[in-house]
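First the structure, in the form of structure tokens, and then the observations on it.
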Amino acid sequence: MVTKHSDPRALVLVLGAVVSVQFGGALAATLVPKIGAAGSVTMRLLFSVTILLIFLRPRVRGYTAAQWRTVGLFGLALGLMNFSFYASLAYLPIGVAVTIEFIGPLLLATVLSRRPRDLFAVAAAAVGVVLISEITHVPLAEISWIGLGLALTAGAFWAAYVVLSEKTGAIFPKLDGLALALVVSTAVVLPFGIPSMAQWDRSALLLGFGIALLSSVIPYSLELVALRRIAPGVFGILLSLEPAVAALAGLIVLGQRLHTLQLVGMALVVAASVIVMGLGARPTDRPDPAQTAAT
């Protein structure tokens with residue numbers, strides 16, 4: 001099998017997708033205080049699913065019960081992942097939330113790889129999480145345990161999302177499975193978001209539309225073009241930059257500054273991710289176009 005080489009233009013597109021997702025997350029952090037996490041996720045999903053359904057027009061007939069089960073679980077994981085992540089933004093800086101959330105797919109990749117060196121990488125990532133959570137130098141009473149728990153929950157659902165995304169992509173044509181899963185995830189969070197709709201004024205709707213574009217539509221589109229011409233290892237390395245990009249987005253959009261130890265912790269998580277998901281990727285691995293735009 002021929003190894004796929006990376007087109008420089010594809011690198012720019014994937015990096016653009018990563019930046020788009022994290023700046024979308026930073027915008028979401030400004031919307032959550034206005035209409036709550038449930039309202040923010042509901043608004044984003046409503047805009048995203050409407051746009052994708054218009055452009056993708058997925059087929060809804062001819063699928064088996066097993067296929068619908070898979071896409072239903074995929075949509076459930078997607079909705080709960082976003083719900084718990086957005087909820088964590090009310091307690092944590094976005095750079096911290098994304099770094100902790102990243103432990104989910106990192107652990108999944110380590111379990112699937114079974115390479116001894118990856119265990120050392122995960123150990124380094126664990127140290128990084130301890131540093132970024134400030135447990136070592138902040139009184140326990142001041143630690144945002146709720147925020148940490150929500151971010152870890154989002155990471156667990158992200159890991160489930162990665163597995164179910166691969167299964168969905170294998171049994172549904174094109175991005176039909178993703179579009180159908182978004183319908184399911186919207187239905188899952190809608191009951192929780194309905195009470196906030198009275199607060200959906202023009203400024204909130206504009207923010208929600210921008211978040212939908214930055215977090216879903218733009219990165220999906222960029223990756224669809226890029227992933228045909230990029231090596232899996234390079235994709236993994238770019239994906240590993242998400243915590244750092246999230247911290248940058250938090251600084252620019254929200255004015256959030258991380259302490260030195262938190263930055264060291266983030267660097268450990270990023271390095272571990274590069275080792276596990278970047279340098280260890282096999283030429284036959286095919287990146288999932290939805291994974292970068294997960295949150």
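The values are calculated or read from the model by the stated rules, or taken from the named source; none is laboratory data. None of these values were measured; they are calculated from a predicted model. FYI the Cβ positions are ideal-geometry reconstructions off the backbone, even for glycines, and counts take in every protein chain you see.
Quick notes on this one:
- Answer residue from the stretch 67-88, given it is in contact (Cβ under 8 Å) with a residue 40 or more places away in the chain and over 19 Å from Leu150 (Cβ atoms) and is surrounded by the fewest Cβ atoms within 10 Å (Cβ to Cβ) among those: Gln67
- Test: residue in the stretch 80-91 that is farther than 21 Å from Ala212 by Cα and either assigned to a helix (DSSP H, G or I) or in contact with a helix residue (DSSP H, G or I) (Cβ under 8 Å, 6 or more places away or on another chain) (or both): yes
- Qualifying residue in the stretch 2-22 (condition: crowded, with 18+ Cβ neighbours inside 10 Å, on the phi > 0 side of the Ramachandran plot and in contact with a helix residue (DSSP H, G or I) (Cβ under 7 Å, 6 or more places away or on another chain)): no
- Selected residue (criterion: surrounded by the most Cβ atoms within 10 Å (Cβ to Cβ)) from residues of the stretch 187-225 that are touching a Pro at 6+ places or on another chain (Cβ under 7 Å) and of a type outside the set (Ser, Thr, Tyr): Glu223
- Looking at Arg257, Arg282, just one residue is at pLDDT 85 or above, over 18 Å from the mean Cα position of the chain (by Cα) and part of a loop (DSSP other than H, G, I, E, B), and that residue is Arg257.
- When Ala247, Ala294, Ala231 are screened for being at pLDDT below 90 and under 18 Å from the mean Cα position of the chain (by Cα), only Ala294 passes.
- The stretch 94-136: number of residues that are outside any helix (DSSP H, G or I) and of a type outside the set (S, T, N, Q): 5
- Conditions (1) at pLDDT 85 or above; (2) in contact with a helix residue (DSSP H, G or I) (Cβ under 9 Å, 6 or more places away or on another chain); number of the one not met by Lys174: (1)
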